[in-house]
There are 2 protein chains.
Amino acid sequence: MQFTVTATDGNARRGTIIFSRGEVETPAFMPVGTGGAVRTVAPEEVAESGARVILGNTFHLMLRPGTQVIKAHGTLHDFMHWSGPILTDSGGFQVWSLADSRNITEQGVTFRSPFDGSKVYLGPEESMSVQQDLGSDVVMVFDECTAYPTTYENAESSMNRSLRWARRCRDAHGGEDQALFGIAQGGIYPELRIRSLEALEEIGFDGYALGGLSVGEPTEQMHSVLEQITPQMPGGSPRYLMGVGRPEDILTGVRSGIDLFDCVLPTRNARNGWLYTRDGIVRLKNSANRTDTNPIEEDCRCPACISYSRSYLRHLFTTSESLGKRLCTLHNLWFFGALMEDIRGAVATGTLDSFSRAFLESYLGGGADVA
Amino acid sequence: MQFTVTATDGNARRGTIIFSRGEVETPAFMPVGTGGAVRTVAPEEVAESGARVILGNTFHLMLRPGTQVIKAHGTLHDFMHWSGPILTDSGGFQVWSLADSRNITEQGVTFRSPFDGSKVYLGPEESMSVQQDLGSDVVMVFDECTAYPTTYENAESSMNRSLRWARRCRDAHGGEDQALFGIAQGGIYPELRIRSLEALEEIGFDGYALGGLSVGEPTEQMHSVLEQITPQMPGGSPRYLMGVGRPEDILTGVRSGIDLFDCVLPTRNARNGWLYTRDGIVRLKNSANRTDTNPIEEDCRCPACISYSRSYLRHLFTTSESLGKRLCTLHNLWFFGALMEDIRGAVATGTLDSFSRAFLESYLGGGADVA
């Protein structure tokens, strides 16, 4: 993996990450393909939306279908027919989310599989091994997500555990062709975030991520952490904001210096009939769309807007026809693809400020209210 | 609509139907797009499978979204983005199928909408009006399906009612660009079928269909009716066997002189993970496929077989990922598309007998057992 910053605009960076499986222009958004598929769409459709790298979930894939099945195909890429780079998360966030059915110790996490109730163990070394089996282009360290809200002391001790696990991940990481990213924790406490970052940099990673954001804290708090911390992340490596997010969060992230984002919002919202437009969120199921022969968005070039009306798309939802979710997912992925392309253009031309202002005025002014 | 027979092989015919919206090579199979979509797939994917004409359902579309919504888009083609010809059934079979919630009189049928319980009336004139609104390229007469089993007397009186309704449809049919097909009824009684056909021919239609087959009668009985009746259908017009069927039924139909088929089997079976191959039906969910890195069918060029393994497709079903149903639907549509292409080639070269023998030996010998 090779990362180059090609332009800056304030703290924002325009760059390129070269993987053996292809180039990624940054800032970039990574659609989430949790269990070996970006839900409702085919990989070539994901690529057509402008996405060049997707995310896979260690937690889901190790349980279903299991790494043995994937390895029989080669890598996750071969299994799911995605030839571009794949970043896999470590499973840390998912096992932490299991709340009632997991037990976290210094060694690792024992949990009950939500699919068959079986007892499973996942620790730093196991996560590295699974991600090596998946053949991920970017491997994430196994970390402990810090809860929100929590005390400074709890955030500190959790952050320190994540650092100890990060060291074990670095030691266990074997893949020469696989980049390894560290994850800074520390909750909403800037001082902890900085200490986490400094310690990670000392261990040495190919990229650095901010974890444990967008987990319930107020937007202003998230944006405040971003603005304080991101500029202090190592400048020569990709910076990745995990699990974020909404267009307004992405803009704040980019403006503070983030290069990579991932989030389930465009795909999950699409399956619920919530569609991103420059004028805010369109709720497809609203009765006003029953007879509306216009596309979701007039000047959008996505497969849904080129060929179908809001009325028809709504009809597909009404009749439980999966083509509806697929077309809406494509629209939202194209919206995020176009947003990132516009952002990259604005950074390159030093016009990110005015682009952000104009975009947010239209987008938030249009009544967007989907969290 | 213009129909030309270009070759024959025994009773089998190879032909071309020219519609203003495109040419259809016959014998042809029409995928079913009940409610304005061929389930789980996009129209361009249907076309890529080799299908040139699809079927829409008057019953479903008049209830959801209603003809007013479709007319606001133009025709059903514009609504669902299918530019080729569309044949619509009359709604007769669907209201008849409602058994407990419909009342059939000489005038027409009153029934409860299965979607909202509202009382709806559909008769010959109403069916013609809806199909005109849909802009169908082929309009089917509104008929009464004859139950199986039933007495000769009941089959006769039902057949006569269908004839009276067929005359009313002919009188009410207004679309100059729309072909109108009559439907021969008469159950399993050849004499009634012949009388029905003769009376329909006297009224005069652009094509002739056999209705009320594959409704529960034994296969041999269906095939026997086909072999006795089809050769006596008007030779200068397309002959359409409604709601059929399985590959073996299609072969019998073609050999007796049928030109058009429609059936939900390839699409419905696909959504259940039942896949057509030259060696019979593959049940994707079988545990043997969990680790099978081979495609569904080695030499198949469909989008599922070109890019995905049985193991991956099975994984998509296991994880309730709709891409699985879509890819399996595509495979089955491609299978039917290839079968019809092979059949057309065999008729053209006078080799239908040997093709049928070889196909059935492999297909039925492979353990196919899906009804």
(request) Report, by chain and number, residues whose modeled amide H sits under 5 Å from the one on B:V109, excluding near sequence neighbours (fewer than 5 apart, same chain). (result) B:L122, B:G123
(request) Of the options B:I104, B:G235, B:S196, report the single residue whose Cα projects farthest towards the positive end of the charge dipole of chain B (beta-carbon charges: Lys, Arg +1; Asp, Glu -1). (result) B:I104
(message) Given the -39500 (n - 2.57) contribution per DSSP H run of 4+ residues, what per-residue ellipticity at 222 nm results for chain A, rounded to the nearest 500 deg cm²/dmol?
(response) -13000 deg cm²/dmol
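Give me the inter-chain shielding for A:293-299: mean count of other chain Cβ atoms within 10 Å, whole number please.
Numbers: counts 6, 0, 0, 0, 0, 0, 0.
The shielding value for this peptide is 1.
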(message) Bin width 10 Å, origin at 0, all Cα-Cα pairs of chain B: what percent of pairs per bin?
(response) 5, 24, 33, 26, 10, 1, 0
(request) Starting with the fewest neighbours, write out B:K285, B:K325, B:K119 ranked by other beta-carbon atoms found within 10 Å of each beta-carbon. (result) B:K119, B:K285, B:K325
(message) Taking A:T16 in one copy and the same position in all the others, each labelled 7 Å out along Cα→Cβ, what are the pairwise distances from the first, in nm, shortest first?
(response) 5.1
(request) Express in % the proportion of alpha carbon pairs of the protein assembly as shown at distances exceeding 36 Å. (result) 50 percent
(request) Report the antiparallel proportion of the DSSP beta bridges in chain B as a percent, rounded to a multiple of 5. (result) 50 percent
(request) Name every cysteine in chain B that ends up alone, with no second cysteine's Cβ under 4.7 Å, or say none. (result) B:C145, B:C169, B:C263, B:C302, B:C328
(message) Springs between alpha-carbon pairs under 10 angstrom, Gaussian network model over chain A: which of A:S127, A:S83, A:S320 fluctuates most?
(response) A:S320
(request) Pull out a ≥ b ≥ c, the square roots of the eigenvalues of the alpha-carbon gyration tensor of segment B:91-239, then state rounded if a/c is under 1.5, prolate if not and a/b is larger than b/c, and oblate in the remaining case. (result) oblate
(message) Running a GNM on chain B with Cα contacts under 10 Å, which residue among B:D279, B:D116, B:D292 ends up with the highest mean-square fluctuation?
(response) B:D116
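Sort segment B:273-365 into rounded, prolate or oblate with this rule: let a ≥ b ≥ c be the square roots of the eigenvalues of the Cα gyration tensor; rounded if a/c is under 1.5, and if a/c is not under 1.5, prolate when a/b is larger than b/c, oblate otherwise. Don't skip to the answer; put the middle values down first.
Details: a/c = 2.93, a/b = 2.10, b/c = 1.39.
In terms of gyration-tensor shape, prolate.
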(request) Compute the long axis of helix A:190-203 from its Cα atoms, compare it with the longest principal axis of the Cα atoms of chain A, and write down the angle in degrees, 0 to 90, nearest 10. (result) 60 degrees
(message) What does the copy distance list look like for A:R167, label position 7 Å along Cα→Cβ, in nm and ordered from shortest?
(response) 9.6
(request) Tell me, for the rotation carrying A onto B, which chain A residue has the beta-carbon closest to the axis and what that distance is in whole Å. (result) A:S322, 2
(request) Taking amide H positions as placed in the peptide plane 1.01 Å from N, state which residues far from B:T277 in sequence (5 or more) or on other chains have amide H under 5 Å from it. (result) B:V282
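Find the relative contact order for segment B:273-365 and round it to a whole percent, using C-alpha pairs within less than 8 Å whose residues are 6+ positions apart. Before the final figure, lay out each step's value.
On the way: 102 pairs, mean separation 28.6, N = 93.
Relative contact order of segment B:273-365: 31 percent.
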(message) Taking θ = phi - 60°, what integer Hz values does the Karplus form 6.51 cos²θ - 1.76 cosθ + 1.60 yield along segment A:315-332, in sequence order, with x for Gly and Pro?
(response) 4, 4, 5, 4, 9, 6, 8, 5, 4, x, 5, 4, 5, 5, 4, 4, 4, 5
(message) Spelling out what I want: for every residue of segment A:269-274, take phi, set θ = phi - 60°, compute 6.51 cos²θ - 1.76 cosθ + 1.60 (Karplus), and round to whole Hz; glycine and proline get x.
(response) 4, 4, 5, 9, x, 9
(request) Starting with the fewest neighbours, write out A:E297, A:E23 ranked by other beta-carbon atoms found within 10 Å of each beta-carbon. (result) A:E23, A:E297
(request) Taking each label point as 7 Å beyond Cα in the direction of the beta carbon, state the distances from A:S118 to the same residue in the other copies, shortest first, in nm. (result) 5.2
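For segment B:27-263, what is the charge dipole size about the Cα centre, in debye to the nearest 20, if Lys and Arg each add +1 at the Cβ and Asp and Glu each add -1 at the Cβ? Before the final figure, lay out the partial values.
Values: 17 positive and 31 negative charges, 83 e Å.
Computed charge dipole of segment B:27-263: roughly 400 debye.
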(request) Can you bin segment B:21-178 into rounded, prolate or oblate? Criterion: square roots of the alpha carbon gyration tensor eigenvalues sorted a ≥ b ≥ c, rounded for a/c under 1.5, prolate for a/b above b/c, oblate for the rest. (result) prolate
(request) Would you order B:V254, A:V24 from fewest to most other beta-carbon atoms within 10 Å of each residue's own beta-carbon? (result) A:V24, B:V254
(request) Convert each backbone phi in segment B:342-356 into a coupling constant with the Karplus relation 6.51 cos²θ - 1.76 cosθ + 1.60 (shift: θ = phi - 60°), then list the ³J(HN,Hα) values in order as whole Hz, x for Gly and Pro. (result) 4, 4, 4, x, 5, 5, 4, 9, x, 10, 4, 4, 5, 4, 4
(message) Let me check against my output: what whole-number percent is the relative contact order of chain A, with C-alpha pairs under 8 Å and at least 6 apart?
(response) 17 percent
(request) Collect residues whose amide H, placed 1.01 Å from N in the peptide plane, falls under 5 Å from the amide H of B:A7; neighbours closer than 5 in sequence don't count. (result) B:R14
(request) About the Cα centre of segment B:251-371, how large is the charge dipole given +1 on each Lys and Arg Cβ and -1 on each Asp and Glu Cβ? Please answer in debye to the nearest 20. (result) 480 debye
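Every number here is computed from the coordinates shown, using simple stated rules; none is lab data. As the structure is a computational prediction, the values presented were derived from the model and not from experiment. Reconstructed Cβ throughout: ideal geometry from the backbone, glycine too, with neighbour counts over all protein chains shown.
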